[in-house]
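This report concerns only the one structure given below.
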Amino acid sequence: MFIARADTKPHGRLAHEAFLYSGFDEFVTRASQFVREAVATDEAIMVMVGAAKITALKQELNGVEGPVTFADMETIGRNPAQIMPAWQEFADQPANVGRPLRGIGEPERLNPPLPAPADNATTLTFTTAQAVDDFVERFLGAAGFSTPQRVNFRDAARILATNCLTHGNGRGSLQIWIDGHTAVCELRNSGQMTEPLAGRQTPPPGGDGSGLWIANQLCDLIQIRTSSAGTTVRAHLQHSHTDSSRPQSGWKEFGDDWITVYQATGMVSVQLATNTDDALIALRADAYTTGRNLSDIAADVVSRTARYPHA
């Protein structure tokens, strides 16, 4: 558990402290006190913990009114790459810009050891990303995944394979298997990853790390482990008959601008608290009513000069 305080100055002070407690009741007592302090000084605060703790805190804070936001870590934290963007969206809300902020967060244990691949995993040694494309799509097709899911996971695997080839020795190995209702794809190479937040923060269009960030959006979870022996990246995709949480298909229709449109769609889905299909509809509608190109609308969102809903 951690607590954080940030002041209002540009590049101002951020206090990030451990929050230790001995049981559920002590958590509720101390966390509610921290929230009350924030409300009393008109500081916006977000509490990102599990659902049971949110329920208990709301009961304890009954009658307390103020700029308090709750976020379910059990939902957001399923993919750790969603945690930092959620905090960033909280900080970027118009009502929170220029005011002191507080936060309480409790992520799960970071970077536990990965279990061994399944005994029946299918293996590929590759020297091109195209080989991974074909291999992953055939595997998912045989496993009964829908076309949109196959496309998403294939694109994620291609991005990860390209990183393997670029940062390794020009070769990589892949294993893929089914774990219950989830496809798991593991890629290994001899390189080392030195940036611990790679793929966790929304990058500028075309900036370093955009590929890994996009791969995180296309999967339910990406786990990265790196050491002197090399890097292992494991991607997970849960089988479902409908997949409204991600863009369904057709991103290549935007040509070279598809990454910007994709990033903007994810950001708008958070701002509007809706799924990515409806977020893309909102972007298209904005482009139609203003007579501007969709890529220009998307670029405004990514650069944070535009937000939804419009003021």
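Remarks
- The listed peptides 181-187, 192-198, ordered by packing as a protection proxy, come out as 181-187, 192-198 (highest mean of other Cβ atoms within 10 Å first).
- Burial ordering of GLU17, GLU65, fewest other beta-carbon atoms within 10 Å first: GLU65, GLU17
- Binning the alpha carbon pair distances of region 49-147 at 10 angstrom intervals from zero yields the distribution 11, 26, 25, 18, 15, 5, 0, expressed in whole percent.
- Span-rule helices in the chain, defined as complete DSSP H runs reaching 18 Å or more along the axis (Cα) with Kyte mean at least -0.5: 24-40, 129-142, 147-167, 258-271, 276-290
- Computed lengthening from ASP277 to ARG292, 0.36 nm per intervening residue step minus Cα-Cα distance: 3.4 nm
- Overall form of region 106-150 per C-alpha gyration tensor (a/c, 1.5; a/b vs b/c): prolate
- Between the beta carbons of GLU37 and ARG13, assuming R0 = 22 Å, the FRET efficiency works out to 0.80 to the nearest 0.05.
- Bridge type composition, the chain - antiparallel percent by DSSP, nearest 5: 80
- Overall form of region 36-91 per C-alpha gyration tensor (a/c, 1.5; a/b vs b/c): oblate
- Region 79-140 versus region 155-183: alpha-carbon centroid distance in Å: 14
- Shown here: mean projected area of the Cα convex hull in nm², derived from the displayed model; of the candidates [x] 18.1; [y] 14.7; [z] 28.6, it corresponds to [x].
- Contact order relative to length of the chain, as percent, for alpha carbon pairs under 8 angstrom and 6 or more apart: 14
- Amide hydrogen proximity for THR182: with H placed 1.01 Å from N in the peptide plane, the residues at 5 or more positions away or on another chain lying under 5 Å are HIS239.
- When the Cα gyration tensor is reduced to axis lengths a ≥ b ≥ c, the ratio a/c is 1.5 or higher for region 257-304, and with a/b not above b/c it is classed as oblate.
- Exposure proxy ranking, count of Cβ atoms within 10 Å, fewest first, for LYS53, LYS58: LYS58, LYS53
- 5 angstrom amide H check on MET48, placed H, neighbours 5+ away: ALA71, ILE104, GLY105, GLU106
Read the figures in this text as sums done on the coordinates, not as results from a lab. The structure displayed is predicted, hence computed values, not measured ones. All Cβ positions, glycine included, derive from the backbone under ideal geometry; neighbour counts span all protein chains shown.
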